[in-house]
Amino acid sequence: MRLAGLEILRVAPPPPGWGGRYWTLVKLTTACGITGWGEVYAATVGPRAMDGVIADVFARHMEGEDPENLELMFRRAYSAGFSQRPDPTVTGAFSGLEIACWDILGKARGRPVWAFLGGRTNARLRAYSYLYPGPGSDVAGFWVDPDRNAEAAARLVAAGFTAVKFDPAGPYTIRGGHEPAASDISRSVAFCRAIRDAVGDRADLLFGTHGQFSVAGAIRMGHAIAPMGPLWYEEPVPPDDPLALAEVARAVAVPVAAGERLASRAEFATLLRCGGARILQPALGRMGGIWEARKLAALAEAFTVQIAPHHYAGPIAWVANLHLAAAIPNLLMVETVGLPGSFHLRLLRDGVAFEGGHILPPEGPGLGVEIDEALARAHPCTGERLHLDMQEAPCDYAAGNRFAGGAPPDG
């Protein structure tokens, strides 16, 4: 087999747009006619510029190569330009292409990807979801309303989920870590209390933040929410400072989770060495793909650290997470945006099965899913904005802060 062709599809999910403004899907074809699908999560440059990066990485490091030679191709991309260090854009481009190679290999051998990662260790994958407003409801008001979030949590738990994530502590700014406003802390405590009252001990609370606090601010927030017993405190300080994360982890009783914005196993290794996180959240479409994530899981296992693959993108990165999760012994749970009936599942022709709050690993060859290409092509992304944005305005200590959730307001 030799890698011969590349096509890039950029899909814009219809409103409300859970999963971000667009998803970058890649389709590889071998000279013998086998196709494989992958997804690039990194989006640090505009869509057209990212297309150029993806095409260059493929042509420079992968075209004409046997898709089995994943390690060789990764080393080429990782070392390109005399860099040999993590680069979220280049590594992200390679990640999506690498996932597509696994899809090809599985199809060529008639086996699911998880079979090549050590076999199936987990027959059912514990899943969690962010809390989202119901259809037709006031979306903007939902993100600051503890009671409506508690109702959403109760609905998920009734459906079988044993963990729910929520994110009341915004804003995410380009300015780095800041002290939270008093209103941010009080709202966060109110969310934790209301959701805990709604679900009791039937579900874990996952407190989401995205690197917005200073060390002191993160510690203040962590102490405030700790009495409600969240399972994790997600990325409370900026991701470029693992020592700061370790300082928070030592000071707060809630376990720290991190990793969605890291671009290599080497960056995760620093977190493990300094004790910055007890739960790692690799995004497979950014950190190098499935093989790098499998190496990370083995490395984390030696530190008794668990893996909870991150997902806020499209359906292919999600399915890649499921194959990794099926194979590793130190799985905690997987994130899902694609709840039954969602656009994610429709793109996969409903090819992923849920059992309550658990997901069954795909059994078919390769990634084990069929992409509805007609549906994907019917929802093209035509804009030039990024997948997600951070706000430029600083934290508002007077009028309060509102976070618009994970769906960009302009779709």
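The values are calculated or read from the model by the stated rules, or taken from the named source; none is laboratory data. These numbers come from a predicted model, not from an experiment. Here the Cβ is made from the backbone with ideal geometry for all residues, glycine too, and neighbour counts use every protein chain on show.
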Inset, instruction - Kindly indicate the residue of the range 27-43 that is surrounded by fewer than 24 Cβ atoms within 10 Å (Cβ to Cβ) and part of a strand (DSSP E or B) and also farthest from the chain's Cα centre (by Cα) among those meeting that condition. - result: Thr30
Legend entry - Meets criteria (at pLDDT 95 or above, assigned to a loop (DSSP other than H, G, I, E, B) and surrounded by 13 or more Cβ atoms within 10 Å (Cβ to Cβ)) for Gly364: yes
Inset, instruction - Scan the range 106-122 for residues that are assigned to a loop (DSSP other than H, G, I, E, B) and either modelled with pLDDT under 95 or in contact with a helix residue (DSSP H, G or I) (Cβ under 8 Å, 6 or more places away or on another chain) (or both) and jot them down. - result: Leu117, Gly118, Gly119, Arg120, Thr121, Asn122
Legend entry - Asp51, sole failed condition from (1) modelled with pLDDT of 95 or more; (2) assigned to a loop (DSSP other than H, G, I, E, B): (2)
Inset, instruction - Look through the range 277-303, keep the residues that are without any contact (Cβ under 8 Å) to a residue 60 or more places away in the chain, under 19 Å from the mean Cα position of the chain (by Cα) and assigned to a loop (DSSP other than H, G, I, E, B), and return whichever of them is surrounded by the fewest Cβ atoms within 10 Å (Cβ to Cβ). - result: Arg278
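Output the residue which, of all residues in the range 15-26 that are part of a loop (DSSP other than H, G, I, E, B) and modelled with pLDDT of 90 or more, is farthest from Gly366 (Cα to Cα). Before you say what the answer is, go through the steps one by one.
First pass over the range 15-26, keeping only residues part of a loop (DSSP other than H, G, I, E, B): 15-22.
Okay, now just the ones that are also modelled with pLDDT of 90 or more, so 19-22.
On the way: Gly19: 23, Gly20: 26, Arg21: 27, Tyr22: 24 Å.
The qualifying residue farthest from Gly366 (Cα to Cα) is Arg21.
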Inset, instruction - Mind listing just one residue for me: the one in the range 152-168 that is surrounded by 21 or more Cβ atoms within 10 Å (Cβ to Cβ) and over 19 Å from the mean Cα position of the chain (by Cα) and, of those, nearest to Val337 (Cα to Cα)? - result: Leu156
Inset, instruction - List every residue pair whose Cβ atoms sit under 9 Å apart, with the two residues 6 or more apart in sequence or on different chains, where the first one lies in the range 304-321 and is more than 11 Å from Glu335 (Cα to Cα) and modelled with pLDDT under 95 and the second, anywhere, is surrounded by 24 or more Cβ atoms within 10 Å (Cβ to Cβ) and not charged (D, E, K, R). - result: none
Legend entry - the range 1-14, residues that are in a strand (DSSP E or B) and hydrophobic (A, V, I, L, M, F, W, C): Leu3, Ala4, Leu6, Ile8, Leu9, Val11
